[in-house]
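The values are calculated or read from the model by the stated rules, or taken from the named source; none is laboratory data. Here the structure is a predicted model, which means the values were calculated and not measured. For neighbour counting, all protein chains shown are included, and Cβ atoms are generated from backbone atoms with ideal geometry for every residue, glycine included. Accessible surface is based on the protein model in full, side chains and every heavy atom, while ligands, DNA and RNA are left aside. Shrake-Rupley method; radii C 1.70, N 1.55, O 1.52, S 1.80 Å.
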Amino acid sequence: MKTIRIKNLRGLKDTGDIELKPITMLVGANSSGKSTFLRTFPLFKQGIGVNKQGPILWYGNDVDFGSYEEALMKDANMMQFSFKWDNLQYDKRYYGMPNVFENGLNIDCSFDLASSGYNSYVRNIYLKVNQSKVKLHFSVQNQIEIFVDGVRIDSLFSYAYKQYYGAILPIINIRPNLGRMEENDDESYSLFYYDTYLHKVLPSVEILSELMSDTEYDAEIQDPFCSSDDVLNQILDICNISLSDEQRVSVLRSQSWLAFRYGMVAYYLDDVLSAIDKALQSEFNSCVYIKPFRAYAERYYRIQNLAVRNLDSDGHNMAMIFDNMSRQRNGLKDFNEWTEHHFKFLVKVHRSRGHVSLLIKENDAADYCNITDKGFGYSQVLPIILSLWQVLKSMEKGSSNQGSKSKIIAFEQPELHLHPKLQAMIMDVIITISNSAREYDFDLKFIIETHSSVMINRLGLRIAGDNSLRDKAVVLVFNERSQENPSISTYDNAGYLQNWPLGFFEPDL
C-alpha cells in the first residue's frame, strides 16, 4: 500500500493522501483525530475473515467505533476510504489463465460507505487502473451499474452475486453477455475464458473484421487498461496487420470498438477487485495493534494449555506467551539477551501449583522480583517490548522461509508510565528494527501515536547521526481546527522538524 486517505470518519473530514513511512509518528492535541487514524488499521483487521453483513465490523475485540452512524462525521452523507498501490501483483492463474500483468498494476481505489438500516454497505467503488477509470455503483438491492471512462456499460454484462463474507470489498462475479453484442450468437455467456471473449467479440469491430477474417491469433492483450490507442496497437501486433490513419480513426470511433474496448476492462473487473481486496486483507491482517492502556500486572496467572503466539492488543495473554517461550529451546534465553542489551533488564517465568508468575531483574539488582512489585511501568512497557521482539522474529522467519514479508505495527501511546530514558530506549529499538527490515527486504511500517516529546526528539537525534533515516520517517500533526488535517512535518539533515507548529509541546501562557 502506497497511500491511505480517510474521509468523514469521526473527526477526520479529509486526511488527504497519506504515505505511510517505515516510521510514522502521530501527534496532536486530545480529540484531534490521531487515535481515529491509527485505529483504522485494527478496525479493518477485526472484520477480516468474519462472516459479516457489511465491509467493516465496527465493534470488536480491538476497537469499538460503535456503529456506522456513530462513526460517520456529523453532517456527512457517506464515508470514504482510498488506497493506492504501485505494481500491485495480479495473478489470474486461479481461473486457468496465465498472468497477463507480469509487472503488476498501478491502482487507485476508493470506496464510499453508506447506511442501510443498521448495516453499512459499499455504495460506490472508484478505480483508476493504469490509464482506465472505472466506477461501480451499488444499490441496496444489489443492483450494479458499471461505468468505464464515464460510459455506462453494465448492459453488456450480467453479474452473479454481491456479498461480503470475510472480505472488505463486495465479491462480484461479472460475466460478459455476448448475446447483446452479437444478436445471431446463440452462446450468451463466456464463463471466465479469455480466448472466447477475444475471438467472439473482436471480429465484430468494423474494418477489423474484414482484415482478421483469415488471421490466426493466440496471443493475449497484455494490458486492457491502457489507452484505446494502445489497445488497438496490441491487437494489430497480435494479428500482424496494419491500418491507415483513416482506418484507425474509423475503428476508434465505431460503437463496436467502444463496446469491445470497455468490455475488455469490465471483463477483468471481478478479478481486479479480488486482487485489491486480497491486498487490503493482507495489509490490514498484518497489523499488530497495542492499546494505550494495557492489562494490569498480576502476581499469579492461571496456566492455560494454549499454544499462544499472537499478543492480545491489551497484553492480557502476555504471561502465557512468556510461559510458552520458557519451554522452547533458547526461547526466553534469546529474548533476555536482547532485552538485557537494549533495556537493561531480564524476565523470568516461575511455575507453581497451576499458576505462572512473571519475575523481573534489572541489571543492577541482586535478584528477581515479581512484576507487581516493580511498579506500574513494567506491566505497561512489556507488551510493547514483547511485540517488538515478535516482529523481529517474524522478519527472520519470513526471510528464511518466504513467509509474509509485510507488517504494520500500530502503537498507541507506548510511552505511558515510562521514564523519559526508557521512552528513548523504545524509540532506539524501533529505529533499529526498522533498519533491520531493510536488510531482510521486509515491508515494515510503524505507526505510533504519542504525546512524548522525548520520542520525537530522539528520532530527530538519530536522524542527525544517520541521514539515511531522514526519508524513512515522518510526523503527522493533527489539529481538528485546521483545514489540513493532518499536516506533515519532516526532519532535515540536522534532525530538526520542518513545518512544525511553534510551541507545540508548550502550555499556553
Notebook entry, point to check: For segment 402-466 and segment 282-314, what is the separation of their C-alpha centers, rounded to whole Å?
Noted result: 19
Next item on the list: Please turn the phi angles of segment 486-498 into ³J(HN,Hα) values with the Karplus equation 6.51 cos²θ - 1.76 cosθ + 1.60 (θ = phi - 60°), one per residue in order, whole Hz, x for glycine and proline.
Entry: x, 8, 10, 10, 10, 8, 8, 5, 8, x, 8, 7, 9
Checklist line | segment 317-448 - share of DSSP beta bridges that are antiparallel (%, nearest 5) | finding: 60
Notebook entry, point to check: Where does the charge balance sit around residue 152 when Lys and Arg score +1, Asp and Glu -1, over other residues with C-beta under 10 Å from its C-beta?
Noted result: -1
Notebook entry, point to check: If amide H atoms are built 1.01 Å from N in the plane of the peptide, which residues on other chains or at least 5 residues away come under 5 Å of the amide H of residue 116?
Noted result: 121
Next item on the list: Return the long-range amide H neighbours of residue 64 (sequence gap of 5 or more, or a different chain), with a cut-off of under 5 Å between placed amide H atoms.
Entry: none
Next item on the list: Would you tell me the accessible area of residue 5, worked out with a 1.4 angstrom probe on the heavy atoms of the protein chains, in Å² to the nearest 10?
Entry: 60
Notebook entry, point to check: So what is the relative contact order of segment 442-509, in percent, for Cα pairs below 8 Å that sit 6 or more residues apart?
Noted result: 27
Check: HN-Hα J couplings of segment 460-473 from phi, Karplus 6.51/-1.76/1.60, θ = phi - 60°, integer Hz, Gly and Pro as x?
Finding: x, 4, 5, 5, 4, x, 8, 5, 5, 7, 4, 7, 9, 9
Notebook entry, point to check: Using θ = phi - 60° and the Karplus curve 6.51 cos²θ - 1.76 cosθ + 1.60, what whole-Hz ³J(HN,Hα) does each residue of segment 104-112 get, with Gly and Pro shown as x?
Noted result: x, 10, 8, 10, 10, 10, 10, 9, 8
Checklist line | Accessible heavy-atom area order of 451, 417, highest first, probe of 1.4 Å | finding: 417, 451
Checklist line | Residue order for 84, 278, 34, 74 - accessible surface, 1.4 angstrom probe, largest first | finding: 74, 278, 84, 34
Next item on the list: Kindly report, to the nearest 10 Å², the accessible surface of residue 470 as traced by a 1.4 Å probe over protein heavy atoms only.
Entry: 80
Item checked: 346, 502, 57, ranked by accessible area, largest first (probe 1.4 Å) -> 502, 57, 346
Next item on the list: Sum up the charges of everything whose Cβ sits under 15 Å from the Cβ of residue 42, counting Lys and Arg as +1 and Asp and Glu as -1, but leave residue 42 out.
Entry: +1
Next item on the list: Kindly report, to the nearest 10 Å², the accessible surface of residue 350 as traced by a 1.4 Å probe over protein heavy atoms only.
Entry: 90
